[in-house]
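> The structure under discussion is supplied below as structure tokens; questions concerning it will follow.
The values are calculated or read from the model by the stated rules, or taken from the named source; none is laboratory data. Here the structure is a predicted model, which is why all the values come from computation and not from measurement. No Cβ is skipped: glycine too gets one built from the backbone with ideal geometry, and neighbour counts run over all protein chains shown.
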Amino acid sequence: MKVKVLVIMIMIGSAIGAMGQNRFERDTIQTSGGNLVITLIGHSSLLFNYQDRNIFIDPVMQVADYSLFPKADAILVTHGHGDHLDPIAIEKIVKPETEIFLTRLCFDKLKKGKVCPNESFFIAAGVPVETIAAYNITGLRGNGIPYHPKGEGNGYVLTIGQLKVYVAGDTELTPEMAKLKNIDIAFLPIGLPYTMAPGMAVEAAQKLKLKIFYPYHFNNSNPEEVVRALMGTPIEVRVRSLK
């Protein structure tokens, strides 16, 4: 009887977890190494499932209940702001072997993980990853300090099969971004005043010669501006439910 009850409880728990995740949009993209399934959780929070491994980026409880998600094989955190770094969300998805990759300031807050400075390289759950500086050039606070100072944030370029997927983090169009080559898919932020204006994101997408562009981190910006600006170009703009 106890065994039956336990099995029923596990089945119910799995069903609830599946229902919790089903409200999020997913895209499946074919790669040379198998399908990449992207779950667009909200704001800047993403889940990449590839070869039965789960790579979470910027998990935060303000957009989802992470107790309903599968455990993480790797977690990438772009920077230390509360809409990107959430210790509670991370605790919901870690297991003993989960790898966490983050910046120095994030490590200081989380007290664990591997520090990866700008322009470094690592392997996350079998996926090669490069870090790209993410920062503001023109977006300044009233005291003249950038919303995101150089050196404090990372973008990540993941090589998944034959594809290069760039998750930019909170940034503007920087010289480091402009130098990137062979990017196929990019998540570029359009949330003023903290990141790029939609027009700057369009310029970035064109410089990168993207195949697929996901605007994310909207804040009060309208992603339809990006759609209109790139209509008729080779760049496919995918607008999903990311606030």
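> Please find, among Gly191, Gly153, Gly169, Gly199, the residue that is within 23 Å of Ile75 (Cβ to Cβ) and in contact with a helix residue (DSSP H, G or I) (Cβ under 9 Å, 6 or more places away or on another chain).
Just a single option satisfies the conditions, and that option is Gly153.
> Take the residues in the range 124-135 that are in a strand (DSSP E or B) and in contact with a strand residue (DSSP E or B) (Cβ under 7 Å, 6 or more places away or on another chain), then tell me which one is surrounded by the fewest Cβ atoms within 10 Å (Cβ to Cβ).
Among those residues, the one meeting the criterion is Pro128.
> Looking at the range 65-107, which of its residues are at pLDDT 95 or above and acidic (Asp, Glu)?
Correct list: Asp65, Asp73, Asp86, Glu91, Glu97, Glu99.
> Which of (1) within 18 Å of the chain's Cα centre (by Cα); (2) at pLDDT 95 or above; (3) not in a helix (DSSP H, G or I) does His148 not meet, given it meets every other one?
Condition (2) is where His148 drops out.
> Among residues belonging to the range 81-111 that are outside any helix (DSSP H, G or I) and surrounded by fewer than 13 Cβ atoms within 10 Å (Cβ to Cβ), point out the one that is nearest to the chain's Cα centre (by Cα).
Gly82
> Still on this structure, I have one more. I'd like to check which helices (runs of 4 or more DSSP H) are fully inside the range 159-235 and have at least 2 residues that are crowded, with 23+ Cβ neighbours inside 10 Å and in contact (Cβ under 8 Å) with a residue 12 or more places away in the chain.
198-208
> Of the conditions (1) in a strand (DSSP E or B); (2) hydroxyl-bearing (Ser, Thr, Tyr); (3) farther than 18 Å from Phe187 by Cβ, Thr138 satisfies every one except a single condition; which number is it?
(1)
> Ok, one more. Kindly list the number of the only condition in (1) aromatic (Phe, Trp, Tyr); (2) out of contact with any helix residue (DSSP H, G or I) (no Cβ under 7 Å at 6 or more places or on another chain); (3) within 20 Å of Leu40 (Cβ to Cβ) that fails for Phe121.
The one condition Phe121 does not meet is (3).
> Based on this model, can you work out whether Ala168 counts as of a type in the set (Gly, Ala, Ser) and within 19 Å of Ala229 (Cβ to Cβ)?
When the stated conditions are applied, Ala168 passes them.
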